[in-house]
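A quick write-up on the structure given underneath.
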Amino acid sequence: MKHTPRLSRAALPAIVGSGLGLAAQGLMALLLLKLYSPEAVGEFSVAAQVAFAWATLALAQSPFSLIANVQIPVQKAISTALHWSIRRWLLMLPLAILMLIWGVWPNRSGTGVMLLFLALGTTCMSLLQAGWFLGQSVALRQGEAWAIMAVRMLPPMAAAGLAGGLALFSDHAVSMMLIVAASVGFGLGCYWIAAPPHGHEDPSVRAGTEVQPAPHADRRGESLKWVHTMSDVAVSTAIAVQWAGLYGAEAAGFLFLALRVLGFVPALVSTAWCQVVLSRPEMQRPRTGLVVACATAGLAALVLLAQAAVSLGWLDSNWVGLQDYLWPVAGWQWAASIMAAVSFRPFLAPGSSASMFSKLCIATNAIQLMLLVLPPLLGMAPLEHLYLFAGASSVMLIAQCWWARSLPLSS
């Protein structure tokens, strides 16, 4: 029982910071609905997804390894991650531009200048977002409560405030305003990369003293982590560019606004629960079922609130089609929340469970890619396609949860 307060000092700031970040995401969603058109939201969603994919592939799960491998000093881990991430980022540059063209070009006329600005904005977002991801891991490793909380809440709050301000002081709100707002928010999150080491990290580790390997660590090979990351990014990016390319910017706006609002719940579970447990595996913690119950209640509340906003006329009539996307996306994100709640178990289990976890994720992603490509070829309508994809994804996630839950944890 003596370890419980130390876990709480890390978990509580992460929960509060992520919760305030969620509130900022909700505010951002309202601003998108009230001040921006579905087309602008769709264009921004494609650019944001390409930037996310670019940053994620460049990092290749470096933020996760930084949390799990507590035996490596933070500054050494950051230097190594930055060195290899920049090299991978440059290699991904041509592919990122092609993804952006595929997602945006078919739905615009006279796109030359606009596409150039979108490309520059996407480049900026990807670099700064990669820095923010590393900053979150650094803050969690060092353990200062204010840092753990601030790195999660300040970037989305700044982005939401700037997005609203730019739209209010402009006659025509466009997607570039959202890109600028997001870039500023990510830029604030990069501060923690250069923050001096202090707090939770063991002094011998911080000083670079030779230490014994941690009993719990990310033991996956670099190749497996890269393939896992590539498969994750392939699915998330394919959803963005495929939906916009096949069904238009308006349909993409509906889908990605639903994902923006509801997808924050599994992200909250991952950052405020799974990552805290991995960074402090020796600490006692409450039951995972409580986390799942809170995620379920949060998703239900968000769906009902969004439905009320549409049906009661609080939103522009252009957003009526959003209602069709809420429940299938909510079911998908519910399964993702359960997966996030137990995803720490393969890394605390003995043997090669972590490697098996990555292989299962890769297999799931391969099936999802097929589900994105094949149904349109068979003439399936957008909503039918969404229900099929979300339902199949949920079943596969629950199956992975069942496997992870059955793993014995190391003592």
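Observations
- Among residues of the stretch 383-411 that are touching a residue at least 24 places away in the same chain (Cβ under 8 Å) and open to solvent by less than 60 Å² (accessible area, probe 1.4 Å), those with a beta-carbon under 8 Å from a residue that is outside any helix (DSSP H, G or I) and not small (Gly, Ala, Ser) at least six positions away or on a different chain give the pairs Ser410/Pro215; Ser410/His216; Ser410/Pro350.
- Residue count for the stretch 116-144, restricted to those that are within 22 Å of Ala14 (Cβ to Cβ) and open to solvent by less than 50 Å² (accessible area, probe 1.4 Å): 16
- Test: Ser270 is modelled with pLDDT of 85 or more and among the hydroxyl-bearing types (Ser, Thr, Tyr): yes
- Checked against the criterion of being over 15 Å from Leu134 (Cα atoms), in contact with a helix residue (DSSP H, G or I) (Cβ under 7 Å, 6 or more places away or on another chain) and at pLDDT 85 or above, the candidates Ala24, Ala40 yield just one match: Ala24.
- Residue check: Leu315 meets all listed conditions (1) open to solvent by 40 Å² or more (accessible area, probe 1.4 Å); (2) assigned to a loop (DSSP other than H, G, I, E, B) but one, namely (1).
- Going through (1) within 22 Å of Phe256 (Cα to Cα); (2) in contact with a Gly (Cβ under 8 Å, 6 or more places away or on another chain) one by one, Ser355 falls short only on (1).
- So Val74, is it modelled with pLDDT under 80 and over 27 Å from Ala119 (Cα atoms): yes
- Within the stretch 24-43, residues that are under 25 Å from Leu246 (Cα atoms) reach partners that are not in a helix (DSSP H, G or I) with beta carbons closer than 6 Å, at six or more positions or on different chains, in the pairs Leu33/Leu315; Tyr36/Ala173; Ala40/Val174.
- Those residues of the stretch 246-266 which are of a type in the set (A, V, I, L, M, F, W, C), closer than 20 Å to Ala160 by Cβ and modelled with pLDDT under 85, in sequence order: Phe256, Leu257, Val261, Phe264
- Any hit, the stretch 376-398, residues being closer than 21 Å to Arg220 by Cβ, assigned to a helix (DSSP H, G or I) and touching a helix residue (DSSP H, G or I) at 6+ places or on another chain (Cβ under 9 Å): yes
The values are calculated or read from the model by the stated rules, or taken from the named source; none is laboratory data. Only a predicted model underlies this, so the values are computations on that prediction, with no experimental measurement involved. Here the Cβ is made from the backbone with ideal geometry for all residues, glycine too, and neighbour counts use every protein chain on show. Just so you know, the surface numbers come from the protein's heavy atoms only, side chains and all, with ligands and any DNA or RNA stripped out. Shrake-Rupley method; radii C 1.70, N 1.55, O 1.52, S 1.80 Å.
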